[in-house]
Amino acid sequence: RLEEKNYIVATIHRAENTDKKEILEKILNILCDVSKINQVVFPLHPGTRKLISNYGLGKYLESLVVIEPVGYIDFMKLVLGAKGVVTDSGGIQEETSHLRIPCCTLRDNTERPVTLTLGTNKLFPIESMKSDEIINHLTKTDFNPKTIPFWDNQVSKRILDLL
């Protein structure tokens, strides 16, 4: 059983993070380092699972809570209960910012820059990502994200007002 706000959710599936053994191994090693601080729940994408097996990296999964992929609602329940998220996904950057949950994005760039400037997201470029920096972002005690304009649950009202 997972203890609320005492686990990290991880999702890794992008080709730039999985197509090269050394990059995927680096990411899995980072997740193992994070798991020494908090449990890491890893809904494992089938393609990523296959590559982990092909590369002989299965030993890294032993310290993670590996689960089958889940649907959107169950995934969001996982995220809502999490202390933070480590991902290479796009949409989750927005969702964690809205939910005010720390997000570490393992990518060189993002198509969602507002999540970096006002939200809870921080980029960790593939070549230079380090476990201690990721752990620091996930465990900050002075974490105080800004409210992103128009992300106030009032969009329906604004649309109706315009009509």
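Annotations for the structure displayed:
- Looking across segment 137-160, just one residue is at pLDDT 90 or above and surrounded by fewer than 13 Cβ atoms within 10 Å (Cβ to Cβ), and that is L160.
- Whenever a residue of segment 55-68 is within 14 Å of K21 (Cα to Cα), its partners that are β-branched (V, I, T) and modelled with pLDDT of 95 or more, lying with C-beta atoms within less than 7 angstrom and at least six residues away or across chains, give the pairs G58/I52.
- Within segment 133-163, tally of residues that are within 30 Å of S35 (Cα to Cα), in contact (Cβ under 8 Å) with a residue 12 or more places away in the chain and over 16 Å from the mean Cα position of the chain (by Cα): 4
Residue by residue, here is whether (1) free of Cβ contacts under 8 Å to residues at least 12 places away in the same chain; (2) in contact with a Lys or Arg (Cβ under 7 Å, 6 or more places away or on another chain); (3) more than 23 Å from T110 (Cα to Cα) holds:
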{"residue": "V9", "(1), (2), (3)": "no, no, no"}
{"residue": "E16", "(1), (2), (3)": "no, no, no"}
{"residue": "D19", "(1), (2), (3)": "no, no, no"}
{"residue": "E22", "(1), (2), (3)": "yes, no, no"}
{"residue": "I27", "(1), (2), (3)": "no, no, no"}
{"residue": "I30", "(1), (2), (3)": "no, no, no"}
{"residue": "D33", "(1), (2), (3)": "no, no, yes"}
{"residue": "I37", "(1), (2), (3)": "no, no, yes"}
{"residue": "R49", "(1), (2), (3)": "yes, no, yes"}
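- Taking segment 110-129 as the range and being in a loop (DSSP other than H, G, I, E, B) and either modelled with pLDDT under 95 or surrounded by 13 or more Cβ atoms within 10 Å (Cβ to Cβ) (or both) as the test, the residues that pass are T110, E111, R112, P113, L118, G119, T120, F124, I126, E127, S128, M129.
- The residue that is nearest to I148 (Cα to Cα), among those in segment 90-109 that are polar (S, T, N, Q) and surrounded by 17 or more Cβ atoms within 10 Å (Cβ to Cβ), is S97.
- Flag if I134 is more than 19 Å from E4 (Cα to Cα), modelled with pLDDT under 90 and outside any loop (DSSP other than H, G, I, E, B): no
The values are calculated or read from the model by the stated rules, or taken from the named source; none is laboratory data. Because the structure is a prediction, the values reported are computed rather than measured. Virtual Cβ from ideal backbone geometry, glycine too; neighbours counted across all protein chains shown.
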